[in-house]
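The values are calculated or read from the model by the stated rules, or taken from the named source; none is laboratory data. These figures come from a predicted structure and were not determined experimentally. Here Cβ is always computed from backbone atoms with ideal geometry, including for glycine, and neighbour counts include all displayed protein chains. Keep in mind that these areas ignore ligands, DNA and RNA; they rest on the heavy atoms of the full protein, side chains included. Shrake-Rupley method; radii C 1.70, N 1.55, O 1.52, S 1.80 Å.
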Amino acid sequence: MQIERDKVVTINYRVSDGDGTFSESSEGGDPVVYLHGHGSIVPGLEKALLGKQAGDELSVEIAPEDGYGRHDPGAVQRVPIKHLIRPGKLTVGKTVGVNTDSGHRGAIVLKVGRFNVDLDFNHPLAGKHLHFDVTVLDVRDASPEELAHGHAHGPGGHH
Ligand code: ZN
């Protein structure tokens, strides 16, 4: 069965950025289970997986536009420390939770002042060129319930 829209796909992946400062892997944990064609994974990876089947292995280079987007300088903001959720000891590079008008959001600390912090709300991988190594483990039809929810269910999925 080939990967196309509305198939539930199980993959193992390893991802790293161009300069090697970041890497992450599903190996040793649960594989990723997602519903294809619904934006659950980055666009470039979804594109590369189209037409693949169980047992296929692929290496994909993904530009920021097809990954987590460009780094937006406007997403760097000065925020009062009292708006942080359980800030603890604030250090540069730490990920913190923030109460914003649009709910709780994660951000990375760029600079710590006495009453304010400069926070980067960009995705940590925004602006990065990513290298993915992916193995397709399984491809199956989605259930009507999964299609209604717009995501995969079961082991490694939602619920
Ligand atoms: Zn659901």
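A few comments on the model shown:
- Flag: residue 2 does not match the condition of being assigned to a strand (DSSP E or B) and either surrounded by 18 or more Cβ atoms within 10 Å (Cβ to Cβ) or on the phi < 0 side of the Ramachandran plot (or both).
- Some residue of the stretch 29-36 being surrounded by 13 or more Cβ atoms within 10 Å (Cβ to Cβ) and part of a loop (DSSP other than H, G, I, E, B): yes
- All told, residue 55 falls short of being modelled with pLDDT under 95 and not in a helix (DSSP H, G or I).
- Scan of the stretch 59-93 for residues that are β-branched (Val, Ile, Thr) and open to solvent by 90 Å² or more (accessible area, probe 1.4 Å), ordered by number: 92
- Residue selected from the stretch 94-133 under the condition of a type in the set (Gly, Ala, Ser), open to solvent by 20 Å² or more (accessible area, probe 1.4 Å) and in a strand (DSSP E or B), by the criterion nearest to residue 72 (Cα to Cα): 106
- Some residue of the stretch 145-155 being within 16 Å of the ligand (Cβ to nearest atom), of a type in the set (D, E, K, R) and in contact (Cβ under 8 Å) with a residue 12 or more places away in the chain: yes
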